[in-house]
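Comments concern the structure below.
The values are calculated or read from the model by the stated rules, or taken from the named source; none is laboratory data. Since the model is a prediction, treat every value here as computed from it, not as a measurement. Note that each Cβ is placed from the backbone with ideal geometry, even for glycine, and that neighbours are counted across all protein chains shown. Surface accessibility is based on the protein's heavy atoms, side chains included, excluding ligands, DNA and RNA. Shrake-Rupley method; radii C 1.70, N 1.55, O 1.52, S 1.80 Å.
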Amino acid sequence: MSDHKPTVLVIEDEKQMRKFVCISLTTNGYHVIEASTGAEGVQQAAAYTPDLILLDLGLPDIDGLEVTKQLREWNTSPILVISAREQEDSKVLALDGGADDYLTKPFGAGELMARIRVALRHAVQNKDTATTELKLGDDIHVDLVRRLVVVRGKETHLTPIEYKLLTTLAKHAGMVMTHRQLLEQVWGPGHAHQLQYLRVYMTQLRHKLEEHPAQPRFLVTEPGIGYRLRGES
Ligand code: CA
């Protein structure tokens, strides 16, 4: 970790919410930039290249989903959506559109900070391409060079699809991945709607990796949205 203060851009029109988020961030050592509309947010993102963007979906000018699309045309900072929209659809659309994670309002400062740490860590790991090993707790070790999977001390055979599913989730460890993202990245763009494939392989993978497949510790379901690989946190 470098010792510079990470900069977080907060795009949120609701004054009270913005204040709460900004105070929490400042208290925890972040540098904060604020925007109250989508257009202003896009401008600030270009001007300050923040390390992370917190984005509300319900904005007065441009919808947050559109803001995500615009940002993703040129910006690679993690986007964490903060939204009062309960519907799975808008979360899925935001994530498919390029957001990295979401939090449903209301949320506590503790959870917000934890999600921000995961997203920033993830962004740093992405820059560091030298990762050759994947570890999930003390239980699971994956040697990415030799494609060797060891589960609780035992070498375990994964099929090519199971292995790809695991490593795809691992690339986004701690963050949610939608069904669509997983299907497209593991099976290919033509398979975005074949949810049953994903379910079948996820079940197999859980049986091979999890001590209690029905109460998974690592391969976590995000109901109606997708899956999240929980690493150590
Ligand atoms: Ca709003």
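In table form, for the structure just shown:
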{"quantity": "Qualifying residues in segment 94-110 (those that are assigned to a helix (DSSP H, G or I) and under 24 Å from T49 (Cα atoms)) - the one most open to solvent (accessible area, probe 1.4 Å)", "calculated": "D96"}
{"quantity": "First in segment 58-76 and open to solvent by 40 Å² or more (accessible area, probe 1.4 Å), second anywhere and within 16 Å of the ligand (Cβ to nearest atom) and among the polar types (S, T, N, Q), Cβ under 7 Å, 6 or more apart", "calculated": "P60/T37; D61/T37"}
{"quantity": "Tally of residues being open to solvent by 30 Å² or more (accessible area, probe 1.4 Å), farther than 25 Å from L93 by Cα and touching a residue at least 60 places away in the same chain (Cβ under 8 Å) across segment 190-230", "calculated": "2"}
{"quantity": "Index of the failed condition, V124 passing every other in (1) modelled with pLDDT under 90; (2) within 16 Å of the ligand (Cβ to nearest atom); (3) of a type in the set (A, V, I, L, M)", "calculated": "(2)"}
{"quantity": "Test: residue in segment 116-129 that is aliphatic (A, V, I, L, M) and in a loop (DSSP other than H, G, I, E, B)", "calculated": "no"}
{"quantity": "Within segment 29-88, strands (runs of 3 or more DSSP E) holding 3 or more residues that are over 25 Å from H172 (Cβ atoms) and away from the ligand (no atom under 13 Å from the Cβ)", "calculated": "31-35"}
{"quantity": "Any strands (runs of 3 or more DSSP E) falling wholly within segment 136-182 and containing at least 2 residues that are open to solvent by less than 50 Å² (accessible area, probe 1.4 Å) and within 24 Å of R121 (Cβ to Cβ)", "calculated": "140-143, 148-151, 176-178"}
{"quantity": "Output for segment 7-28, where each listed residue is assigned to a strand (DSSP E or B) and within 10 Å of the ligand (Cβ to nearest atom)", "calculated": "I11"}
